[in-house]
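These notes concern the structure reproduced below.
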Amino acid sequence: QVQLVESGGGLVQPGGSLRLSCAASGSIFSLYVMGWYRRAPGNQRELVATITSSGSTDYADSVKGRFTISGDNAKSTVYLQMNNLKPEDTAVYYCNAKTPTRSYWGQGTQVTVSS
């Protein structure tokens, strides 16, 4: 089992920044990729960014150049630095972690971009 705890969401003005954190615990030795997804009202959940255990990253086109995903292996934590936020980034952001056999989700954290 893997437990994921997210933090760092909130309300920010357009052009502002936020950093989300996702702390993993439990059977983390088997994790091979972690990432962030989001779901805006009325939309399906979509990929935001992922990072593999070797440090390779991938981003949705809509966030490239604005968001950065990173990991701290010592703390078993993944971060999502979000800069130049736009109203269309408003969503619930979910942390995800995958093992070869299972996918785990955090509880979600709300990000609202509004003036």
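Just a few scattered comments:
Rundown of residues vs (1) assigned to a strand (DSSP E or B); (2) open to solvent by 40 Å² or more (accessible area, probe 1.4 Å); (3) of a type outside the set (Lys, Arg), yes/no style:
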{"site": "Ile69", "(1), (2), (3)": "yes, no, yes"}
{"site": "Ala74", "(1), (2), (3)": "no, yes, yes"}
{"site": "Val78", "(1), (2), (3)": "yes, no, yes"}
{"site": "Gln81", "(1), (2), (3)": "yes, yes, yes"}
{"site": "Asn84", "(1), (2), (3)": "no, yes, yes"}
{"site": "Cys95", "(1), (2), (3)": "yes, no, yes"}
{"site": "Tyr104", "(1), (2), (3)": "yes, no, yes"}
{"site": "Ser115", "(1), (2), (3)": "no, yes, yes"}
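- Residues of the stretch 7-16 classified as part of a loop (DSSP other than H, G, I, E, B) and at positive phi, total: 2
- The set of residues in the stretch 8-41 that are under 10 Å from the mean Cα position of the chain (by Cα) and loosely packed, with under 15 Cβ neighbours inside 10 Å contains only Arg19.
- Restricting the stretch 42-59 to residues that are of a type in the set (Gly, Ala, Ser) and open to solvent by less than 70 Å² (accessible area, probe 1.4 Å), the residue that is nearest to Cys22 (Cα to Cα): Ala49
- Residue match in the stretch 44-55 (condition: outside any strand (DSSP E or B) and touching a Lys or Arg at 6+ places or on another chain (Cβ under 9 Å)): yes
- Any chance Asn96 is under 25 Å from Gln13 (Cα atoms) and not small (Gly, Ala, Ser): no
- Some residue of the stretch 17-35 being outside any strand (DSSP E or B), out of contact with any helix residue (DSSP H, G or I) (no Cβ under 7 Å at 6 or more places or on another chain) and closer than 21 Å to Ser114 by Cα: yes
- Whenever a residue of the stretch 48-70 is in contact (Cβ under 8 Å) with a residue 12 or more places away in the chain, it has no partner that is among the basic types (Lys, Arg) and part of a loop (DSSP other than H, G, I, E, B) lying with C-beta atoms less than 8 angstrom away and at least six residues away or across chains.
The values are calculated or read from the model by the stated rules, or taken from the named source; none is laboratory data. These figures come from a predicted structure and were not determined experimentally. Glycine also receives a Cβ, built like all others from the backbone with ideal geometry; neighbour counts cover every protein chain displayed. Accessible surface areas use protein heavy atoms only, side chains included; no ligands, DNA or RNA. Shrake-Rupley method; radii C 1.70, N 1.55, O 1.52, S 1.80 Å.
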